[in-house]
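So the structure is just underneath, and the comments pick up after that.
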Amino acid sequence: MASTGKRTFERAKKRAESILKDPEKTKEIVDSAMNRAERAGTGTQFQEIAAKFQAFIRLVRAYANREYRFIPWQTIILGVAALVYFVTPFDAIFDFIPILGFADDVAILTAVFSSINHEIDRFIAWESERVSETPPEETAAVEADFEEVKEG
């Protein structure tokens with residue numbers, strides 16, 4: 001079973017690479033992951049990683065929009081591969097099996113988020129700085145002497 005999960009995740013990494021090269025596909029995987037997370041509901045083991053999941057979703061959106069590119073390529077691939085694995089219904093444990101089907105998805109997300117936690121935290125800090133930035137002050141009018149030009 002473990003080797004099946006490993007092979008499935010390796011395929012997810014390859015798919016993540018091609019997804020990240022296409023902003024539309026990146027947005028689609030993010031939307032799919034959000035829909036899957038909503039279906040997971042409350043009271044599941046998913047709630048333990050929900051905050052990191054939400055932050056990573058925002059990170060991938062910012063990456064796709066070219067707003068945030070301060071993450072190593074291999075790290076973003078790893079994270080998106082976890083999202084691909086999460087939304088794929090036929091992984092190591094089929095998702096239609098109650099309780100167990102979701103357990104491997106959460107385990108993969110937990111492991112990946114633990115390994116890229118520093119990058120997620122850096123993104124959250126960047127995001128906070130961006131929100132707290134105040135808009136530039138309006139340019140003050142400059143008083144200057146002027147000479148009226150008369151047409152001759």
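The values are calculated or read from the model by the stated rules, or taken from the named source; none is laboratory data. Quick caveat, the model's predicted, so the values are computed rather than measured. As a convention, Cβ positions derive from the backbone with ideal geometry for all residues, glycine included, and neighbour counts pool all protein chains shown.
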### Message
Kindly evaluate ARG130 against the criterion of being over 20 Å from ALA37 (Cβ atoms), at pLDDT 95 or above and either surrounded by 11 or more Cβ atoms within 10 Å (Cβ to Cβ) or more than 16 Å from the chain's Cα centre (by Cα) (or both).
### Response
no
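Answer yes if at least one residue in the range 47-64 is within 19 Å of THR26 (Cβ to Cβ), part of a loop (DSSP other than H, G, I, E, B) and either modelled with pLDDT of 90 or more or touching a helix residue (DSSP H, G or I) at 6+ places or on another chain (Cβ under 6 Å) (or both), and no otherwise.
Kept after step one, since they are within 19 Å of THR26 (Cβ to Cβ), are these residues of the range 47-64: 52-64.
Next, only the ones that are part of a loop (DSSP other than H, G, I, E, B) stay: none.
No, every residue in the range 47-64 fails to be within 19 Å of THR26 (Cβ to Cβ), part of a loop (DSSP other than H, G, I, E, B) and either modelled with pLDDT of 90 or more or touching a helix residue (DSSP H, G or I) at 6+ places or on another chain (Cβ under 6 Å) (or both).
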### Query
If you go through the range 13-46 one residue at a time, how many are among the β-branched types (Val, Ile, Thr) and either in contact with a strand residue (DSSP E or B) (Cβ under 7 Å, 6 or more places away or on another chain) or assigned to a loop (DSSP other than H, G, I, E, B) (or both)?
2
